[in-house]
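Asker: Here you go, one structure.
The values are calculated or read from the model by the stated rules, or taken from the named source; none is laboratory data. Remember, it's a predicted structure, so these values are computed and weren't measured experimentally. Don't worry about glycine lacking a Cβ; one is built from the backbone with ideal geometry, like all the others, and counts go over all protein chains shown.
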Amino acid sequence: MDFAATSRPYARRVDSVSIQEREILRIVASLENGQLPKPMEVAINQVLIWAQKRNGVKFPEEAWQGNSFDCLSGGRTIHCVRLRSDEADLWAARCDDPDKDVPGRVWTTEVTIGSDPISSPKLSVRLLVSSREPKLHISPHVPGFLHKISNMMNLKNGSFFANAEIWTPTSLSDIEVFVAALESPDRLPIVVISGDERHTSNVSLQFDGKKLARAMLGLAHVVFLPSDFTYHLTDMIGRSRSVFHGAIRIYKPGFTIDSDQFEHPLFLGDRVLVDPDAVLTEISIFLAADSVKRTRLERQVVSFGAVRSAALLVERESRFAEGASDAERFDQELRRADALDFQLKSAIEQVNQAMDLAQSEEERARSAEAQLHSMRVRIRSLELKLLSKNINPDSDLLYPDVWTGFADWCEEKFVGRLSLAPSARRGVRSPQFGDVSLVARCIHWLASQARDRFINGGGSIANFSIESGVENAPCGGDEFEFYFQGRKLSAAWHIKTGGNTRDPEKCLRIYYAFDDVSSQIVIADMPAHRHTDAS
């Protein structure tokens, strides 16, 4: 008997009507109360006011006292649990609300607020949606009570306060502060809307940044960068990582001036101008999804199910200690079983969503790798055509004589032929080695002659004289391994100046590897001598 074939029609029928729960966003913040004597109770009260308006039914008195209660009303439900002990105080709510426009779609908001005797109260929010839709078409935004709470006290995430306003730098010192914030690991994503001096009607004015800031409260910081300051930002972090001409960029946590520019999404100004609403929706979806990937459930974000199960366990132990009857014990066990069943179903939904996301990311990565491979083949084909016609693609190459923008010069002039690893990018920020043009000529040699030898052969490059006093040689005992784009490479070669000096102003070292996968030179470190046990 072919069980799979027999059950397939039924499986299709079940799948066609199954309801899927998806998590849309997560928010984590501490409540910095200012002058409020009971910030946790104030926050709970704001959540209840918001939930009662959506529920349409007057809540019982125990709700306003901050105690556990349940309220069911025509598809709109709210469940609240309070768990108190000497060490902590925890309040959690789960609110269900049918979508006003889409039949069968139900929004669920989970809120957990907790405090202990030492630190500020913590708040976590989860927004979920249940529906039969195979694909959601939504523009995410945070629940309204979050704005009420933020108006009464400060929401703090990491070292930064979250608010629903756009911050605009007004001085060069502000830009320095801004770049320091960009490089801080302890922050939310930062959305930068750049000004555009090319248009009399500023492109950035077409984009509703205030709406984005309100919708993403607690999920991101929103900054407007006037066009005059975009040049200063470019000087500080490099052109490829900057944002200008009306473009919008999302700087994810973990950004440094060595970051891969493609890890921080960029929306060009022309696209923003054509359809600003579509860009706003895309940014909102990205930030909401990023919040789910960036935070950990039951570590940073506490689910309602976990709080309810813990509360029922405490109640069970208390009832048993008080000598509850068999009927009371049985009822208690049923309630706890229901709570655990709910937790299990929620966990299964989380696993399914994580697997869907992983599959989507895997498909995207495969597609990107295929496109990258095709691009490399195309670049190589064009290179060969130029060489066959005795055309040198670097004939008009100008060598820089200052370190400012040197890494960007390498990326722009030798794309597909040479790349800088993060340590090499850090090395050329402000090195002591003075002859920048010499380094640039060496880089050119690597991207042209050396790369061609690695690909096509044509003679050894060991102890090869690049110019007077500068040679290419194996690293020998100084060889080391490094990672580039997730792959481990070995820096087996280096360019060096002669002499025995280690003076960083005179001693040049460019350590590199040839990457067979991408057919390019990858510079691991430069321009100073690398300190190792062997050297």
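Residues checked against (1) in contact with an Asp or Glu (Cβ under 9 Å, 6 or more places away or on another chain); (2) surrounded by fewer than 22 Cβ atoms within 10 Å (Cβ to Cβ); (3) of a type in the set (Val, Ile, Thr):
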{"site": "Ser171", "(1), (2), (3)": "no, yes, no"}
{"site": "Val179", "(1), (2), (3)": "no, yes, yes"}
{"site": "Pro189", "(1), (2), (3)": "yes, no, no"}
{"site": "Leu212", "(1), (2), (3)": "no, no, no"}
{"site": "Leu233", "(1), (2), (3)": "no, no, no"}
{"site": "Ser240", "(1), (2), (3)": "yes, yes, no"}
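Asker: A further question on this structure: Give the residue, chosen from Arg105, Arg126, Arg94, that is among the basic types (Lys, Arg) and either without any contact (Cβ under 8 Å) to a residue 40 or more places away in the chain or out of contact with any strand residue (DSSP E or B) (no Cβ under 7 Å at 6 or more places or on another chain) (or both). Outline the logic, then answer.
Answerer: Numbers: Arg126 fails: either without any contact (Cβ under 8 Å) to a residue 40 or more places away in the chain or out of contact with any strand residue (DSSP E or B) (no Cβ under 7 Å at 6 or more places or on another chain) (or both); Arg94 fails: either without any contact (Cβ under 8 Å) to a residue 40 or more places away in the chain or out of contact with any strand residue (DSSP E or B) (no Cβ under 7 Å at 6 or more places or on another chain) (or both).
Step by step, each of Arg105, Arg126, Arg94 is checked, and only Arg105 is among the basic types (Lys, Arg) and either without any contact (Cβ under 8 Å) to a residue 40 or more places away in the chain or out of contact with any strand residue (DSSP E or B) (no Cβ under 7 Å at 6 or more places or on another chain) (or both).
Asker: Could I ask something else about it? Quick check: is even one residue across segment 470-488 under 34 Å from the mean Cα position of the chain (by Cα), surrounded by fewer than 11 Cβ atoms within 10 Å (Cβ to Cβ) and not polar (S, T, N, Q)?
Answerer: yes
Asker: How about segment 83-98: which of its residues are assigned to a strand (DSSP E or B) and more than 33 Å from the chain's Cα centre (by Cα)? Write out each step before concluding.
Answerer: Taking segment 83-98 first, the residues assigned to a strand (DSSP E or B) are 83-84, 89-98.
Hits for segment 83-98 are Leu83, Arg84.
Asker: Go through the residues of segment 56-69 one by one and say whether even a single one is closer than 23 Å to Met152 by Cβ, within 35 Å of the chain's Cα centre (by Cα) and either in the same structural domain as Ser309 (by TED's automatic domain parsing) or touching a residue at least 40 places away in the same chain (Cβ under 8 Å) (or both).
Answerer: There is no residue in segment 56-69 that is closer than 23 Å to Met152 by Cβ, within 35 Å of the chain's Cα centre (by Cα) and either in the same structural domain as Ser309 (by TED's automatic domain parsing) or touching a residue at least 40 places away in the same chain (Cβ under 8 Å) (or both).
Asker: Right, next: Can you pull out every residue in segment 134-154 that is in a loop (DSSP other than H, G, I, E, B), in contact with a Gly (Cβ under 9 Å, 6 or more places away or on another chain) and surrounded by fewer than 19 Cβ atoms within 10 Å (Cβ to Cβ)?
Answerer: From segment 134-154, those in a loop (DSSP other than H, G, I, E, B) are 134-144, 153; that's our starting set.
Those still in the list that are in contact with a Gly (Cβ under 9 Å, 6 or more places away or on another chain) too: 142, 153.
Once the filter is applied, which keeps residues that are in a loop (DSSP other than H, G, I, E, B), in contact with a Gly (Cβ under 9 Å, 6 or more places away or on another chain) and surrounded by fewer than 19 Cβ atoms within 10 Å (Cβ to Cβ), segment 134-154 yields nothing.
Asker: How many of the residues in segment 51-104 are hydrophobic (A, V, I, L, M, F, W, C) and buried (at least 18 other Cβ atoms within 10 Å of the Cβ)? Give the derivation first.
Answerer: So in segment 51-104, the residues hydrophobic (A, V, I, L, M, F, W, C) come out as 51, 57, 59, 63-64, 69, 71-72, 78, 80-81, 83, 88, 90-93, 95, 102.
Subset that is buried (at least 18 other Cβ atoms within 10 Å of the Cβ): 51, 63, 69, 71, 78, 80-81, 83, 90-93, 95.
Of the residues in segment 51-104, 13 are hydrophobic (A, V, I, L, M, F, W, C) and buried (at least 18 other Cβ atoms within 10 Å of the Cβ).
Asker: Restricting attention to segment 97-130, which residues are modelled with pLDDT of 90 or more and of a type in the set (Ser, Thr, Tyr)?
Answerer: Thr108, Thr109, Thr112, Ser124, Ser130
Asker: Let me ask something else about it. Could you list all residues from segment 254-303 that are polar (S, T, N, Q) and surrounded by fewer than 19 Cβ atoms within 10 Å (Cβ to Cβ)?
Answerer: Thr256, Gln261, Thr281, Thr295, Gln300
Asker: Identify the residue in segment 479-535 that is assigned to a loop (DSSP other than H, G, I, E, B) and among the polar types (S, T, N, Q) and, among all such residues, is modelled with the highest pLDDT. Can you show your working first?
Answerer: Keep residues of segment 479-535 that are assigned to a loop (DSSP other than H, G, I, E, B), which gives 479, 485-486, 492, 498-508, 516-519, 526-535.
Next cut, among the polar types (S, T, N, Q) only: 485, 500-501, 518-519, 532, 535.
Details: Gln485: 76, Asn500: 62, Thr501: 65, Ser518: 83, Ser519: 87, Thr532: 56, Ser535: 46.
Here the residue is Ser519.
Asker: I need every pair where a residue in segment 172-191 that is within 15 Å of His264 (Cα to Cα) has its Cβ under 7 Å from the Cβ of a residue that is among the hydrophobic types (A, V, I, L, M, F, W, C) and assigned to a loop (DSSP other than H, G, I, E, B), sequence separation at least 6 or different chains.
Answerer: Short answer, once both residue conditions are applied: Leu182/Phe255; Glu183/Phe255; Leu188/Leu219; Leu188/Ala220; Pro189/Ala220; Ile190/Ala220; Val191/Ala220.
Asker: Is it the case that some residue within segment 34-50 is surrounded by 14 or more Cβ atoms within 10 Å (Cβ to Cβ), at pLDDT 90 or above, under 30 Å from Phe161 (Cβ atoms) and of a type in the set (Phe, Trp, Tyr)?
Answerer: Yes.
Asker: What number of residues within segment 187-222 satisfy the criterion of being in a helix (DSSP H, G or I), at pLDDT 90 or above and out of contact with any Phe, Trp or Tyr (no Cβ under 7 Å at 6 or more places or on another chain)?
Answerer: 6
Asker: Could you tell me how many of the residues in segment 24-66 are in contact with a helix residue (DSSP H, G or I) (Cβ under 8 Å, 6 or more places away or on another chain), over 21 Å from Val142 (Cβ atoms) and assigned to a helix (DSSP H, G or I)?
Answerer: Looking only at that region, the number is 2.
Asker: Further question: Need the failing condition index for Asp196 against (1) charged (D, E, K, R); (2) within 28 Å of Val307 (Cα to Cα); (3) surrounded by 15 or more Cβ atoms within 10 Å (Cβ to Cβ), just the number.
Answerer: Every condition holds for Asp196 apart from (2).
Asker: Which condition does Val272 not pass, out of (1) in a helix (DSSP H, G or I); (2) under 20 Å from the mean Cα position of the chain (by Cα), if it passes all the others?
Answerer: Val272 satisfies all of (1) in a helix (DSSP H, G or I); (2) under 20 Å from the mean Cα position of the chain (by Cα) except (2).
Asker: Next up: Every residue in segment 385-400 that is at pLDDT 85 or above and surrounded by 12 or more Cβ atoms within 10 Å (Cβ to Cβ), please.
Answerer: Restricting attention to segment 385-400, the residues satisfying the condition of being at pLDDT 85 or above are 397-400.
Scanning segment 385-400 gives Leu397, Tyr399, Pro400.
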